[in-house]
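Asker: The structure's right below; bear with me while I get my questions together.
The values are calculated or read from the model by the stated rules, or taken from the named source; none is laboratory data. Just so it is clear, the model here is predicted, and its values are computed rather than measured. Cβ coordinates were reconstructed from backbone atoms using ideal geometry, including for glycine residues, and neighbour counts include every protein chain displayed.
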């Protein structure tokens, strides 16, 4: 039997920000307007997007935790578990989809939303997501370049909604 609670716990532990090792050597690039930007320096679009991602993850984890608290025996009934998981995953996909990705993150964003939608569809069809799928929901999603990841991580570090769960797990940098 697959346990959403176990998956939520794994997600919670996997999504925290990893410690930095100083990062890459500073490199200057240009933003969409041609203005010089230090690589890893977040734009307002990065900050807005990171906030949307973090709020979506927070809502997802809170929903799983709330359902577990309401019904401690939820995981003893596979059908009930699937009825519970499917709308949580649907909402997660919708919440992620509302986050507006900067252009250089659109491929990653679209693939991430599609992956969560596929997980919700599978749950509706009676296939429970594995704990690994629940905690590593961005597995096999194309990873953006390192400097884009650095910008998004720097943006997330500025946001209170990203303090509980970070975004490093989205790029496979936290295990």
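Asker: Out of all the residues in segment 36-43, is one or more in contact with a helix residue (DSSP H, G or I) (Cβ under 6 Å, 6 or more places away or on another chain), closer than 25 Å to residue 146 by Cβ and at pLDDT 85 or above?
Answerer: Yes, the conditions are met somewhere in segment 36-43.
Asker: Please determine whether any residue of segment 73-83 is surrounded by fewer than 18 Cβ atoms within 10 Å (Cβ to Cβ), more than 19 Å from residue 156 (Cβ to Cβ) and at pLDDT 95 or above.
Answerer: First, the residues of segment 73-83 that are surrounded by fewer than 18 Cβ atoms within 10 Å (Cβ to Cβ): 73, 76-80, 83.
In the following step, the residues that additionally are more than 19 Å from residue 156 (Cβ to Cβ) were identified as 73, 76-80, 83.
Then drop every residue that is not at pLDDT 95 or above, which leaves none.
No, segment 73-83 contains no residue that is surrounded by fewer than 18 Cβ atoms within 10 Å (Cβ to Cβ), more than 19 Å from residue 156 (Cβ to Cβ) and at pLDDT 95 or above.
Asker: Let me ask something else. Given the residues 136, 115, 91, which is the only one that is at pLDDT below 85, within 22 Å of residue 65 (Cα to Cα) and out of contact with any helix residue (DSSP H, G or I) (no Cβ under 6 Å at 6 or more places or on another chain)?
Answerer: Exactly one residue qualifies, and that residue is 136.
Asker: In addition: Would you check which residues across segment 66-87 are under 21 Å from the mean Cα position of the chain (by Cα) and farther than 16 Å from residue 129 by Cβ and list them?
Answerer: 66
Asker: Return yes or no: is residue 104 outside any loop (DSSP other than H, G, I, E, B), surrounded by fewer than 20 Cβ atoms within 10 Å (Cβ to Cβ) and either modelled with pLDDT under 90 or more than 13 Å from the chain's Cα centre (by Cα) (or both)? Spell out how you get there, then give the answer.
Answerer: Working: outside any loop (DSSP other than H, G, I, E, B): yes; surrounded by fewer than 20 Cβ atoms within 10 Å (Cβ to Cβ): yes; either modelled with pLDDT under 90 or more than 13 Å from the chain's Cα centre (by Cα) (or both): yes.
Criteria met by residue 104.
Asker: Search segment 112-135 for residues that are over 14 Å from residue 81 (Cβ atoms) and pair each with any residue that is modelled with pLDDT under 75 and in a helix (DSSP H, G or I) when their beta-carbon atoms are under 6 Å apart and the residues are at least 6 apart or on different chains.
Answerer: Going by the 6 Å Cβ cut-off, the qualifying pairs are 135/7; 135/10; 135/11; 135/14.
Asker: Any idea which of (1) closer than 16 Å to residue 50 by Cβ; (2) part of a loop (DSSP other than H, G, I, E, B); (3) touching a residue at least 40 places away in the same chain (Cβ under 8 Å) is the one residue 138 doesn't satisfy?
Answerer: Only one criterion in (1) closer than 16 Å to residue 50 by Cβ; (2) part of a loop (DSSP other than H, G, I, E, B); (3) touching a residue at least 40 places away in the same chain (Cβ under 8 Å) is unmet by residue 138, namely (3).
Asker: Residues in segment 49-65: is at least one surrounded by fewer than 19 Cβ atoms within 10 Å (Cβ to Cβ) and free of Cβ contacts under 8 Å to residues at least 24 places away in the same chain?
Answerer: Within segment 49-65, one or more residues are surrounded by fewer than 19 Cβ atoms within 10 Å (Cβ to Cβ) and free of Cβ contacts under 8 Å to residues at least 24 places away in the same chain.
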